[in-house]
């Protein structure tokens, strides 16, 4: 006969076993705006990313991760909803709250977004910074007009973005030091500023401090959590601390490779970049010495954000949460640093679509792994569902991605043969293991077909469509299946 005490122990162990079968991990999702794989763990030298390089030693690092759309809002729409632009046509920055795909204010039977699914599973959800398109998760325009409603309804328990002297969301996003910002009416449009002395004199430093406070509270409470932490830099304008600029300025940085305009139908004039004020002539391409200055400014911002990530990861460990928390670092798209005479995203080429993706799962990825397996941003949502097994798993729309869990867990080398991206004007860009095909779809027919051999260079130097008709034919079939 069982004694009462023994029965209690058995019941307790049974409850723990059942509980551990669901909501397996906390989630710390770190998004970095305009971050291309300009990191040491991706083979870049000299490196400006010691914190991310250290994280990579205990993560699966996806070298061939590609975003759905090379612009902030639409890329984040795909991340948060798990829905492909090929089905939704969602290609604009306001996709989450404007137009036919806007998330509904009334809670639906299934979750409309990734954080909502985790929230409905019992996770406490916190948003700090830019995870959706707006800088704080509230719907306001750049000029401050708007009603401030949640950009992602029913997703977040806590909208915790700090504003400091900038007072509002888009102020902190386009921030300069001392409370100035691009949209404050003061004509602040300098391309770069490196006057701040302390990290917390700028918004990303403030957000890191807020994240640390939240992690400490989670460590004390034991509450399962999903934290979205979205850093702004290296997005324009290039603003970081003086020490970041001085460190990068001392490095040997070269001008952009292939820095002139290529023979391609897919190019633009980098209007966002060139509207900022510079101390040098705004030629296109920039003079080599001016390219170096701009490239250093970008890297100084990466160095600054990397340090903030390092502080947050240290706090995760100190709070006793490291062994129970999945960490994801994701860049919302790549960025052209002067290659092809582009200083921007908004183009269907390799560098604008390729961004970092690091996934750290305690006890699973401890030894670290670099993989060349193709991955899409759409794959992050089903991957987290697979790994965390949240209690609530009903989605309002089918997920279009493929779980990367088999790669993370080491049971499969790849889960997809191609990665598909989209841009305006019905552009479709297909990446396989070696090539990138870009086409313009018109009335269901491909036009302006370009094929590039990525094993030679990520830049669009030679269109080999005529030389490789069999590759074009194969990838065009994918386009026909994937076109919006």
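The values are calculated or read from the model by the stated rules, or taken from the named source; none is laboratory data. On a predicted model such as this, the values are computed, not experimentally measured, just so you know. With ideal geometry, Cβ positions are generated from the backbone for all residues, glycine too; neighbour counts draw on all protein chains shown.
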Checklist entry - Does segment 243-262 hold any residues that are surrounded by 13 or more Cβ atoms within 10 Å (Cβ to Cβ), more than 26 Å from the chain's Cα centre (by Cα) and either in a helix (DSSP H, G or I) or assigned by TED's automatic domain parsing to the domain that holds residue 456 (or both), and which are they? => result 249
Next on the checklist: Would you confirm, using the coordinates I've provided, whether residue 159 is at pLDDT 95 or above and within 30 Å of residue 430 (Cβ to Cβ)?
Outcome noted: no
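What about residue 235, is it assigned to a loop (DSSP other than H, G, I, E, B), in the same structural domain as residue 298 (by TED's automatic domain parsing) and within 24 Å of the chain's Cα centre (by Cα)?
For residue 235, the condition - assigned to a loop (DSSP other than H, G, I, E, B), in the same structural domain as residue 298 (by TED's automatic domain parsing) and within 24 Å of the chain's Cα centre (by Cα) - is met.
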Checklist entry - In this structure, is residue 474 modelled with pLDDT of 95 or more and surrounded by fewer than 17 Cβ atoms within 10 Å (Cβ to Cβ)? => result yes
Checklist outcome for this item: Restricting segment 94-112 to residues that are touching a helix residue (DSSP H, G or I) at 6+ places or on another chain (Cβ under 7 Å) and within 20 Å of residue 70 (Cα to Cα), the one surrounded by the fewest Cβ atoms within 10 Å (Cβ to Cβ) turns out to be 94
Checklist entry - Can you spot a residue in segment 33-52 that is in the same structural domain as residue 353 (by TED's automatic domain parsing), touching a strand residue (DSSP E or B) at 6+ places or on another chain (Cβ under 6 Å), at negative phi and part of a helix (DSSP H, G or I)? => result yes
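On the basis of being out of contact with any strand residue (DSSP E or B) (no Cβ under 8 Å at 6 or more places or on another chain) and surrounded by fewer than 24 Cβ atoms within 10 Å (Cβ to Cβ), does residue 75 make the cut? Quick ask: steps written out before the conclusion?
Details: out of contact with any strand residue (DSSP E or B) (no Cβ under 8 Å at 6 or more places or on another chain): yes; surrounded by fewer than 24 Cβ atoms within 10 Å (Cβ to Cβ): no.
So residue 75 does not fit the description; no.
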Checklist entry - Going by the structure shown, is residue 413 surrounded by fewer than 17 Cβ atoms within 10 Å (Cβ to Cβ) and farther than 30 Å from residue 224 by Cβ? => result yes
Checklist outcome for this item: The strands (runs of 3 or more DSSP E) lying entirely within segment 391-484 that contain at least 3 residues which are touching a residue at least 24 places away in the same chain (Cβ under 8 Å) and more than 17 Å from residue 376 (Cα to Cα) are 435-442, 445-453
Checklist entry - Mind checking whether some residue in segment 461-472 is in contact with a helix residue (DSSP H, G or I) (Cβ under 7 Å, 6 or more places away or on another chain) and more than 14 Å from residue 62 (Cα to Cα)? => result yes
Item to check | Per-region count, segment 386-396, residues out of contact with any helix residue (DSSP H, G or I) (no Cβ under 7 Å at 6 or more places or on another chain) and surrounded by fewer than 20 Cβ atoms within 10 Å (Cβ to Cβ) | outcome: 4
Checklist entry - Of all residues in segment 69-83, which are touching a helix residue (DSSP H, G or I) at 6+ places or on another chain (Cβ under 6 Å) and under 14 Å from residue 397 (Cα atoms)? => result 78, 79, 80, 82
Checklist entry - Hey, does segment 270-281 have a residue that's surrounded by fewer than 17 Cβ atoms within 10 Å (Cβ to Cβ), in a strand (DSSP E or B) and at pLDDT 95 or above? => result yes
Item to check | residue 199 being in contact (Cβ under 8 Å) with a residue 60 or more places away in the chain and surrounded by fewer than 17 Cβ atoms within 10 Å (Cβ to Cβ) | outcome: no
Next on the checklist: I'd like to check something: does segment 175-183 contain any residue that is part of a helix (DSSP H, G or I) and either at negative phi or outside the structural domain of residue 238 (by TED's automatic domain parsing) (or both)?
Outcome noted: yes
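What do you reckon, is residue 327 out of contact with any helix residue (DSSP H, G or I) (no Cβ under 6 Å at 6 or more places or on another chain) and part of a strand (DSSP E or B)? Before you say what the answer is, go through the steps one by one.
Working: out of contact with any helix residue (DSSP H, G or I) (no Cβ under 6 Å at 6 or more places or on another chain): yes; part of a strand (DSSP E or B): yes.
So residue 327 fits the description; yes.
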